[in-house]
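Heads up: the structure comes next, in structure tokens.
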Amino acid sequence: MSIAKGDLHAALKKYFGFSKFKGLQEDVVESILSGNHTFVIMPTGGGKSLCYQLPALMQEGTAIVVSPLIALMKNQVDAIRGVSNEEGIAHVLNSSLNKTEVKRVKEDIIKGITKLLYVAPESLTKEENVDFLRSVKVSFMAIDEAHCISEWGHDFRPEYRNLKNIIGRIGDNIPIIGLTATATPKVQEDIIKNLGITGAKTFKASFNRPNLYYEVRPKTKNVDADIIRFIKQHEGKSGIVYCLSRKRVEELAQVLQVNGIKAVPYHAGLDAKSRSNHQDKFLMEDIDVVVATIAFGMGIDKPDVRFVIHHDIPKSIESYYQETGRAGRDGGEGHCLAYYSYKDIEKLEKFMSGKPVAEQEIGQALLQEVVAFAETSISRRKFILHYFGEEFDNETGEGGDMDDNIRHPKKKHEAKDEAVI
Ligand code: ADP
Ligand code: MG
């Protein structure tokens with residue numbers, strides 16, 4: 001299919017109200033419209049959804065979008081329906097639908113109204129769904145959060161492993177689009193291999209976040225006091241403090257409150273009402289700081305988070321990147337401060353000891369990278385980007401001096417000596 005540039009921009013405007021494509025979006029859309037297998041690697045917030053939504057809306061047939069989270073699918077469907085007067089333009093097909101609802105979805109697809117059909121991978125294991133999809137016109141398959149296919153990703157889901165097989169049963173020559181924010185070369189290889197899309201047109205955006213300042217401090221017994229001091233130096237600014245355990249989250253939130261900081265706890269052990277209440281307070285700026293486990297952050301889009309503190313070092317560079325990535329979304333200041341002690345690494349190792357051996361090995365390898373990152377004396381940005389398979393020269397690259405190692409070089413051994421807990 002050949003589509004003039006002007007048509008693409010007109011469609012972008014018509015369906016999304018945007019006048020410009022972001023980053024590599026236009027190239028990706030063109031690749032999909034040309035029927036190529038396509039692989040898209042862009043950081044969170046990079047605008048991956050539009051990459052498949054726009055070509056789906058422009059083409060005949062229904063694009064099937066595989067996504068792991070029902071909540072995410074619902075949001076996307078609502079957003080698409082919002083830009084169109086046709087409710088049937090996007091649907092979700094999953095086990096929560098009753099018979100009448102399923103019938104309606106199928107009718108809309110048959111009529112050719114439905115351009116986007118969101119499914120969980122589980123739904124595709126159902127014979128009747130596969131049979132139905134085989135009988136209709138499918139424009140392409142988009143596999144969102146494609147890293148779920150890899151054991152090296154942070155969210156492995158065995159059902160994703162079957163996708164290639166199922167797609168083959170839905171039809172021959174269906175273009176496959178994989179999308180992920182996970183940039184490690186290992187995960188990418190897994191995705192390409194498991195989806196069977198060798199030779200896919202690959203689009204990879206830079207993962208550099210030049211406005212983020214990276215700093216690692218040794219974790220001493222004074223860590224709480226240090227955090228309080230840091231937060232007070234950023235008075236009135238929004239920030240997130242990540243801790244490993246719910247207990248620590250509760251304790252630290254209290255310590256901060258006692259010290260006059262407007263802070264709330266957030267973790268999966270709190271009831272849904274408190275969680276949404278605390279999240280709202282953060283978004284509305286009634287409070288400044290959320291002390292949280294990793295349960296906090298997915299889908300939270302507060303542009304002016306000015307600092308992200310890791311009270312405990314995360315279990316992989318990926319997690320670190322995702323979590324620190326919530327700072328400075330608006331392009332303004334974003335200070336990322338992590339406290340590191342080797343004792344915490346040992347704790348994380350202990351957590352893994354009950355898991356299957358293969359999982360432990362992967363966990364170990366990911367942890368070793370975290371150790372290397374924490375202890376490195378080279379540019380932290382260079383380290384992170386190298387981990388993601390990206391060359392970065394901190395002498396010339398954007399944000400090249402934005403970390404403690406470059407601004408305040410110190411001898412390697414110091415950090416280790418200071419760490420006592
Ligand atoms: P990702 O899936 O890569 O994390 P999303 O698809 O959720 O990112 O998009 C992130 C944000 O960027 C959304 O709010 C979306 O509306 C916005 N966005 C996407 N494309 C554009 C564009 N071309 N112009 C302006 N905003 C865009
Ligand atoms: Mg996305």
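The values are calculated or read from the model by the stated rules, or taken from the named source; none is laboratory data. Note that the structure is predicted; figures quoted are calculated from it, not measured. Cβ sites come from the backbone with ideal geometry, for glycine too, and all protein chains shown count toward neighbours. To get the accessible areas, we keep the full protein, side chains included, count just its heavy atoms, and leave off ligands, DNA and RNA. Shrake-Rupley method; radii C 1.70, N 1.55, O 1.52, S 1.80 Å.
Among Ala272, Val290, Phe207, which residue has its Cα furthest toward the positive end of the charge dipole of region 163-314, with +1 on Lys/Arg Cβ and -1 on Asp/Glu Cβ?
The one lying farthest along the dipole's positive direction is Phe207.
What is the sum of charges around Glu86, taking Lys and Arg as +1, Asp and Glu as -1, for the other residues whose C-beta is under 14 Å from the C-beta of Glu86? Walk me through the intermediate numbers first.
Values: positive: Lys14, Arg81, Arg104, Lys111, Lys115; negative: Asp78, Glu87, Glu107, Asp108.
Neighbourhood net charge equals +1.
Most fluctuating residue of Val357, Val102, Val136 in a GNM of the chain with Cα springs under 10 Å: which is it?
Its mean-square fluctuation being the largest, the pick is Val357.
Using alpha-carbon pairs under 8 Å, 6+ residues apart, how would you state the relative contact order of region 1-73 in percent?
Working: 44 pairs, mean separation 20.6, N = 73.
Relative contact order here is 28 percent.
How compact and how long is region 283-372, expressed as Rg and Dmax of its alpha-carbon atoms in Å?
When restricted to Cα atoms, region 283-372 yields Rg and Dmax of 14.9, 46 Å.
What does region 88-189 give for Rg and for Dmax, in Å, if only its C-alpha atoms count?
Calculated on Cα positions, Rg and Dmax stand at 14.4, 44 Å.
Nearest 10 degrees, 0 to 90: what angle lies between the long axis of helix 5-16 and the longest principal axis of the chain (Cα atoms)?
So the inclination is approximately 70 degrees.
Under 12 Å Cα-Cα from Lys204, which aspartates and glutamates qualify once same-chain neighbours fewer than 8 residues away are excluded?
Qualifying aspartates and glutamates at Cα under 12 Å: Asp27, Glu390.
Relative to the longest principal Cα axis of the chain, at what angle does helix 48-58 sit, 0 to 90 degrees, rounded to 10?
10 degrees
Leaving out ligands, DNA and RNA, and with a 1.4 Å probe, what % of the accessible surface on region 108-233 is carbon or sulfur? Each step should come with its number before you reach the end.
Details: 2470 of 5240 Å².
After summing per-atom areas, the C and S share lands at 47 percent.
Taking just the alpha carbons, could you work out the radius of gyration and Dmax for region 57-135, both in angstroms?
11.6, 33
How far is helix 185-195 tilted, in degrees, relative to the longest principal axis of the Cα atoms in the chain, given as a value from 0 to 90 rounded to the nearest 10?
Helix 185-195 sits at roughly 20 degrees to that axis.
Taking only the Cα atoms of region 340-415, how large is their convex hull per residue, in Å³? Walk me through the numbers on the way to the answer.
On the way: hull volume 6.8 nm³, N = 76.
Per-residue hull volume (Cα only) is 90 Å³.
Using the Kirkwood formula on the Cα atoms of region 1-104, what hydrodynamic radius do you get, in angstrom to one decimal? Don't jump to the answer; show the numbers that get you there.
Values: mean 1/r = 0.0671 Å⁻¹.
Computed over region 1-104, the radius equals 14.9 Å.
Calculate one ³J(HN,Hα) per residue across region 148-162 by plugging θ = phi - 60° into the Karplus curve 6.51 cos²θ - 1.76 cosθ + 1.60, and present them in order as whole Hz with x for glycine and proline.
4, 7, 10, 5, 8, x, 8, 8, 5, 10, x, 4, 5, 5, 8
With the chain treated as a Gaussian network of Cα nodes joined by springs under 10 Å, which of Ile378, Ile32, Ile41 yields the largest mean-square fluctuation?
Checking each option, the largest mean-square fluctuation is seen for Ile378.
Keeping every protein chain present and rolling a 1.4 Å probe, give me the accessible area per residue for the chain in Å². If you can, show how the numbers build up before the last one.
Values: 19610 Å² over 421 residues.
Per-residue value: 47 Å².
Can you compute 3J(HN,Hα) from phi for each residue in region 100-115, using the Karplus curve 6.51 cos²θ - 1.76 cosθ + 1.60 with θ = phi - 60°, rounded to whole Hz and x for Gly and Pro?
With coefficients 6.51, -1.76 and 1.60, one gets 4, 5, 4, 4, 4, 4, 5, 4, 4, 5, 4, 5, x, 7, 7, 9 Hz.
Give, in nm to one decimal, the length gained when the segment between Asn259 and Asp301 is fully stretched (0.36 nm per residue of separation minus the Cα-Cα distance). Before the final figure, lay out the partial values.
Working: separation 42, 0.36 × 42 = 15.12 nm, distance 2.75 nm.
Gain on stretching Asn259 to Asp301: 12.4 nm.
For Val65, what residues show an amide H to amide H distance below 5 Å, using hydrogens built from the backbone and excluding near sequence neighbours?
Leu117, Tyr118, Val119, Ala142
Can you compute 3J(HN,Hα) from phi for each residue in region 228-242, using the Karplus curve 6.51 cos²θ - 1.76 cosθ + 1.60 with θ = phi - 60°, rounded to whole Hz and x for Gly and Pro?
Using θ = phi - 60°, the values come out as 4, 4, 4, 5, 5, 5, 10, 4, x, 8, 8, x, 10, 10, 9 Hz.
Based on alpha-carbon centroids, what's the gap between region 1-58 and region 266-319 in Å, whole number please?
31 Å
Please pull out the direction-averaged projected area of the chain, using the convex hull of its alpha-carbon atoms, in nm² to one decimal place.
Averaging across all directions leaves 21.7 nm² for the Cα convex hull.
Scan around Val216 for amide H atoms under 5 Å from its own, H built in the peptide plane at 1.01 Å from N, and keep only partners 5 or more places away or cross-chain.
For Val216, whose amide H was placed from the backbone, the distant partners under 5 Å are Ala338, Asp404.
For every other residue with a beta carbon closer than 12 angstrom to the beta carbon of Pro43, add +1 if it is Lys or Arg and -1 if Asp or Glu, then tell me the sum.
Net of charged neighbours comes to +4.
At a temperature of 25 °C and a viscosity of 0.890 mPa s, determine how fast region 141-219 diffuses translationally according to Stokes-Einstein, using the Kirkwood radius over alpha-carbon pairs as Rh; express D in µm²/s, rounded to the nearest whole number. Each step should come with its number before you reach the end.
Numbers: Rh = 14.1 Å.
Result for D is 174 µm²/s.
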